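Values in this text are rule-based calculations from the coordinates and carry no lab data. Here the structure is a predicted model, which is why all the values come from computation and not from measurement. A quick note on method: Cβ atoms are made from the backbone with ideal geometry, for glycine too, and the neighbour counts reach across all protein chains shown.
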Amino acid sequence: MTDIQSSLSEACKKLTEVSDSAELDAEVLLCHILNKPRSHLRAWPEKQLQAEQLEQFFQLIRQRRQGTPIAYLTGNREFWSRDFKVTPAVLIPRPDTELIIELSLDLLHSISNPRIIDLGTGSGIIAITLAAERADLDVIATDFSLDALAIAKQNALNHQIQNIEFIHSCWFNDVPPAKFDLVISNPPYIAANDPHLSEGDVRFEPSSALIAEDQGLKDIRTITENARRYLNKNASLLIEHGYDQPTEVQAIFKAFNYINIKTHQDLSANPRVTTAQWNAE
């Protein structure tokens, strides 16, 4: 056996070459094995680890050295102060996507009992967070991946959210006729030849949730075109996109006759989300 401090020190050495946050990675993984908070590591550095715990810990360290994201190793990631289950079937929640929550709540603040749809829900973080923040919301969440929908449903159950209907659909294809006050999507928007696809966590994430044809714009164009049939008059469309795509996304919105088009910056001051209104005839 060996103690917590020695195990963390050895793990950090193994991760230094492959991670910019080696100490944090090691601590998170050991906490996962021990089912304890990080404060436990500080309070009990001399605590001896069992052989089985050590084996499990360093197995995770080996996987992390190969690049496997922390979220896939622990099976969870925090978003909007809530814990969500994640697997390689879904994208890993990122802080920048919290901008969608802020904008959505603002767009809906004056609407009573609003109805919204989250297209390509993945792990369900957007739909579930909004449903939790606004109990009067009527939410539909779609995904073409049955594996992703299973994760989203489990997350909704874990957070005791009941005002969501999950639909197996590629964008609007299998969504029954309806009108919404807000259409939301964080669709695939990375071009197939983007060099970032061979770097970091995205190497392990589902390519179908990352890559879109037409230099990353095909799905955005499809959603923008079809959302018009589902939006109430003056209702909003909200789409996350790449930091280098705001001009193209605004042009797509304009081509389909949306109004009040605005692009919003994320935590890093990069253009990340574009919103617009549908002014139906």
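Overview of results
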| read-out | value |
| --- | --- |
| Shape of the stretch 150-219, Cα gyration tensor, a/c cut at 1.5 | oblate |
| Neighbourhood net charge (13 Å Cβ-Cβ; Lys/Arg +1, Asp/Glu -1) for ALA212 | -4 |
| Highest-fluctuation residue, ILE223, ILE125, ILE116 considered, GNM on the chain with Cα pairs under 10 Å | ILE223 |
| For SER236, SER9, SER19, order by how many other beta-carbon atoms lie within 10 Å, fewest first | SER9, SER19, SER236 |
| Estimated 222 nm signal from helices in the chain, with DSSP H stretches of n ≥ 4 weighted -39500 (n - 2.57), rounded to 500 | -11000 deg cm²/dmol |
| Table column - 3J(HN,Hα) (Hz), the stretch 231-240, Karplus curve with 6.51, -1.76, 1.60, x for Gly and Pro | 9, 5, 4, 6, 6, 10, 10, 9, 9, 7 |
| Charge tally in the Cβ shell below 14 Å around GLU98, where Lys, Arg are +1 and Asp, Glu are -1, GLU98 excluded | -3 |
| Local electrostatic count at ILE151 - Lys and Arg +1, Asp and Glu -1, tallied over other residues with Cβ under 10 Å | 0 |
| Set of lysines with alpha-carbon distance to LYS233 below 17 Å, sequence-local pairs under 8 removed | LYS179, LYS254 |
| ³J(HN,Hα), Karplus 6.51/-1.76/1.60, whole Hz, each residue of the stretch 213-218, x for Gly, Pro | 6, 6, 6, x, 9, 4 |
| Span from the the stretch 135-166 Cα centroid across to the the stretch 4-22 one, whole angstrom | 37 |
| Relative contact order (%) - criterion: Cα under 8 Å, at least six apart; region: the chain | 14 |
| Amide H partners (placed H, <5 Å) of PHE79, local residues excluded | PHE84 |
| Sites matching chymotrypsin sites (Phe, Trp or Tyr not before Pro) across the stretch 139-198 that sit in DSSP coil, with at most 16 neighbouring C-beta atoms within 10 Å | PHE144 |
